[in-house]
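The values are calculated or read from the model by the stated rules, or taken from the named source; none is laboratory data. Note that the coordinates shown come from a computational prediction; the quantities given were computed from them, not determined experimentally. Positions of Cβ are generated from backbone atoms using ideal geometry, with glycine treated the same way; all protein chains shown enter the neighbour counts. The accessibility values were calculated without ligands, DNA or RNA, using every heavy atom of the protein model including side chains. Shrake-Rupley method; radii C 1.70, N 1.55, O 1.52, S 1.80 Å.
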Amino acid sequence: MNGRPVRVVENLNSALHECMRADSRLYVLGEDIADPYGGAFKVTRGLSQAHPGRVITTPISENGIVGVAAGLAMAGDAAIVEIMFGDFAGLAFDQVLNFASKSVSMYGRPHPMRLVVRCPSGGNRGYGPTHSQTLLKHFIGIPGLSLFELSPFHDNRTVLAHMLALGEPCVFIEDKVLYTRRTAGDGRVDDLFDYGFLGADDIAPAQVYVDADGDVDCLIVAPGGMAERAMAAMRDLLLHHEISCRLVIPSRLYPVEAEALLGAARRAAYVCVVEESTAGGTWGAEVAHVLHERLWGRLRRPVRLIHSADSVIPTAVHLEREVLVQADTIREAVLADLRGERSPV
Amino acid sequence: MTNNMATTTIEMAPDGADHISPPADADLATMLLIRHFELALLDLFARGELHGTTHTCLGQEYVPVALVPLLAERDYVFSNHRGHGHYIARFGDPAGLLAEIMGREGAVCNGVGGSQHIFRDRYLSTGVQGESLPVAAGVALHLKRHEPGALALTYIGDGTWGEGAVYEALNMAALWRLPLLVVVEHNGIAQSTATGAQMAGTIRARAAAFGIAHLRVENSSLTEIRATAGPLVERVRDGAPLVLEFVTHRLGPHSKGDDTRTDAELRQVRAADWHALYSEALGERFAEADAIAAARVTRLVDEVAARPPAVWSKA
């Protein structure tokens, strides 16, 4: 991203403003999104004043408002829905699964549906079991539905415009802690790491590295919300254990962008996928499957999946921290695997 | 919202052969076309020539036919699982629908959607109860902004009122003054469950709770239905949603052979069937029209069955 690094929430907010200016048929719907409140996480701040009539604050009806948004999309408009807490997307699951995504193809010919369901997600904010989850895995494998995740490396002006142009519904997972962080800028992450994109355009997966091209001990694949924790682990592994890592953060999580991942995986001795959800039917398992299928025989060991504990997410900060994947969870998992490999049998 | 229609419930005179106004030839032909189309489907299933499932609207054919002149081409119609009559009344295209149901060439959705997932122009059906109401509200919002005067109609049954989506949509439609027309085909039975075992209170009271006007029709006479419903439908176009409840009868099984009603109950339903009332009221004219429709559907089934399979091109 060019210019002064801004907070991710500001970048997302300006992306919404830009999309609304660019398309007079675009609506934004959600609970408490109108000014002066501007949404529970202030992502829609200023939007209703700038675009009265097209920014609609709604009753507490997640199923209903995703249905209304799908109706707008069906009729040729476009719509972005904010689900206040991504956990509540469960209430809208039917509209996403059985109507919006299916309408792209179930009527026997392609029908574009320009619809984005934004889901503020993830824990580490002390909101407790029903306001801290990442529902990503529950939306995987639905024909006609793409999954994206907010990242500090991807400019949301590009990402939002891209999702709306796809012509099929998208779920956009947004890590709530990430809102408060700075966007990355000018290819530099910090004193140790740089970043770039695994492709020509800046919607391609981002990669964070010390050295862009060489081989590394470990490739970490993670969604945007995990970037900060993964980078902390990478720093520690490099400085204290001389383990070199590269991190890949796809913007589009599903369908899995296989080619970019394969290229990165070929240059790593070991691959792990980190995600905040519990284990079982996860995005990480999809990534691992893609890599196993294509790189079987070249991988030194199976792709390692790192998840949060099989548990509800407690409210108390110290309890929550124990359950969710943290930087040290990643570090310990990588160390355990690589030490296991290096120790004599 | 101030709306003097809020508590309006109009109850039309009960049905009976002596109340039937003679219908126009075209309307009678459409009602009978739907009747024989549905009978043909049950026959095809019985002969093993159809797969999957289907839900016939036997007994309810007059409902969509009554509404045809109250609707414009620019109006959206959302149908449900029991939607063959809705489609045929709108498009007069039994061949495209039968091809869809049979998976043959010329299928309106290339055989992908089947009986309960149809999309053509501004007509769309879905297979999940209540799902279409929020979607129709969204389309109504689009129409209000971009094509004022047009409306979105959605057909639901009495059983659909068990779904929360219905209330979320009614709330938003009333709140935002959307041109949403909810047509309820209240046939007294949700699959196998009688209304009394699945609905507390009334549809009228539920509409009133949202300040939404309600018209209850206990009549199958097209002229009377149109005269009474017409002015209320026009108000929908100005942003006054309406629940239009038809007290009707489901003559056939829920799907193919799953009717658990007693003989006595079925006798009552058949006695109230519009087909019987119209036959009694119209005599020879009715019998001739009925025979023509039956023959047309027989030819149609032979013709469509002989077609090659539908081809789904995804591009």
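Inside region A:294-310, can you point out the residues that are part of a loop (DSSP other than H, G, I, E, B), within 21 Å of residue A:135 (Cα to Cα) and open to solvent by less than 50 Å² (accessible area, probe 1.4 Å)? Before the answer, list the steps.
Keep residues of region A:294-310 that are part of a loop (DSSP other than H, G, I, E, B), which gives A:296-303, A:307-310.
Keeping just the survivors that are within 21 Å of residue A:135 (Cα to Cα) gives A:307-310.
If the condition is that a residue be part of a loop (DSSP other than H, G, I, E, B), within 21 Å of residue A:135 (Cα to Cα) and open to solvent by less than 50 Å² (accessible area, probe 1.4 Å), then A:307, A:308, A:309 are the ones that fit.
Report whether or not residue B:183 is more than 21 Å from residue B:131 (Cα to Cα) and either modelled with pLDDT under 95 or more than 14 Å from chain A (Cβ to nearest Cβ) (or both).
no
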Within region A:75-95, the residues that are open to solvent by 10 Å² or more (accessible area, probe 1.4 Å) and either among the aliphatic types (A, V, I, L, M) or in contact with a Gly (Cβ under 8 Å, 6 or more places away or on another chain) (or both) are A:75, A:84, A:91
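Name every residue in region A:249-263 that is small (Gly, Ala, Ser) and within 18 Å of residue A:230 (Cβ to Cβ), in order of residue number.
Quick first cut of region A:249-263, residues small (Gly, Ala, Ser) only: A:251, A:258, A:260, A:263.
Of everything in region A:249-263, those that are small (Gly, Ala, Ser) and within 18 Å of residue A:230 (Cβ to Cβ) turn out to be A:251, A:260.
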Examine region B:133-144 for a residue that is among the charged types (D, E, K, R) and either within 10 Å of chain A (Cβ to nearest Cβ) or in a loop (DSSP other than H, G, I, E, B) (or both), and state whether such a residue exists.
no
Would you confirm whether any residue within region A:234-250 is under 25 Å from residue A:140 (Cβ atoms), open to solvent by 40 Å² or more (accessible area, probe 1.4 Å) and touching a residue at least 40 places away in the same chain (Cβ under 8 Å)?
no
Quick test for you: out of A:287, A:325, A:273, pick the one residue that is part of a loop (DSSP other than H, G, I, E, B), touching a residue at least 12 places away in the same chain (Cβ under 8 Å) and not small (Gly, Ala, Ser).
A:325
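Among the residues in region B:123-136, are any aromatic (Phe, Trp, Tyr) and open to solvent by 10 Å² or more (accessible area, probe 1.4 Å)? Spell out how you get there, then give the answer.
Taking region B:123-136 as the starting set, the residues that turn out to be aromatic (Phe, Trp, Tyr) are B:123.
Subset that is open to solvent by 10 Å² or more (accessible area, probe 1.4 Å): none.
The answer is no, given that none of the residues of region B:123-136 is aromatic (Phe, Trp, Tyr) and open to solvent by 10 Å² or more (accessible area, probe 1.4 Å).
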Kindly evaluate residue B:110 against the criterion of being facing chain A (nearest Cβ under 9 Å) and on the phi > 0 side of the Ramachandran plot.
yes
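Among the residues in region B:163-181, are any on the phi < 0 side of the Ramachandran plot, out of contact with any His (no Cβ under 9 Å at 6 or more places or on another chain), among the charged types (D, E, K, R) and buried (at least 20 other Cβ atoms within 10 Å of the Cβ)?
yes
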Residue A:207 vs (1) at pLDDT below 95; (2) surrounded by 14 or more Cβ atoms within 10 Å (Cβ to Cβ): all pass except (1)
Considering A:278, A:315, which residue is out of contact with any Lys or Arg (no Cβ under 9 Å at 6 or more places or on another chain) and among the hydroxyl-bearing types (Ser, Thr, Tyr)?
A:315
Where residues in region B:87-101 are open to solvent by 10 Å² or more (accessible area, probe 1.4 Å) and assigned to a helix (DSSP H, G or I), which of them is nearest to the other protein chains (Cβ to nearest Cβ)?
B:101
Name the single residue that is nearest to the other protein chains (Cβ to nearest Cβ) among those in region A:100-149 being open to solvent by 10 Å² or more (accessible area, probe 1.4 Å) and at positive phi.
A:144
Would region A:259-273 turn up any residue that is open to solvent by 50 Å² or more (accessible area, probe 1.4 Å) and either under 20 Å from the mean Cα position of the chain (by Cα) or within 22 Å of residue A:146 (Cα to Cα) (or both)?
yes
Only unsatisfied item for residue B:104, checking (1) open to solvent by less than 20 Å² (accessible area, probe 1.4 Å); (2) more than 8 Å from chain A (Cβ to nearest Cβ), is (1)
Contact list please: Cβ distance under 9 Å, first residue in region B:209-238 and under 27 Å from residue B:172 (Cα atoms) and polar (S, T, N, Q), second residue open to solvent by 50 Å² or more (accessible area, probe 1.4 Å) and not in a loop (DSSP other than H, G, I, E, B), pairs at least six apart or on different chains.
B:228/B:10
Looking only at residues in region B:62-86 that are touching a strand residue (DSSP E or B) at 6+ places or on another chain (Cβ under 8 Å), more than 14 Å from chain A (Cβ to nearest Cβ) and assigned to a loop (DSSP other than H, G, I, E, B), which one is surrounded by the fewest Cβ atoms within 10 Å (Cβ to Cβ)?
B:71
Any chance you could count how many residues in region B:152-180 are away from every other protein chain (no Cβ under 13 Å), in contact with a strand residue (DSSP E or B) (Cβ under 7 Å, 6 or more places away or on another chain) and not in a strand (DSSP E or B)?
2
Yes/no for residue B:202 being out of contact with any Leu (no Cβ under 6 Å at 6 or more places or on another chain), among the hydroxyl-bearing types (Ser, Thr, Tyr) and crowded, with 17+ Cβ neighbours inside 10 Å:
no
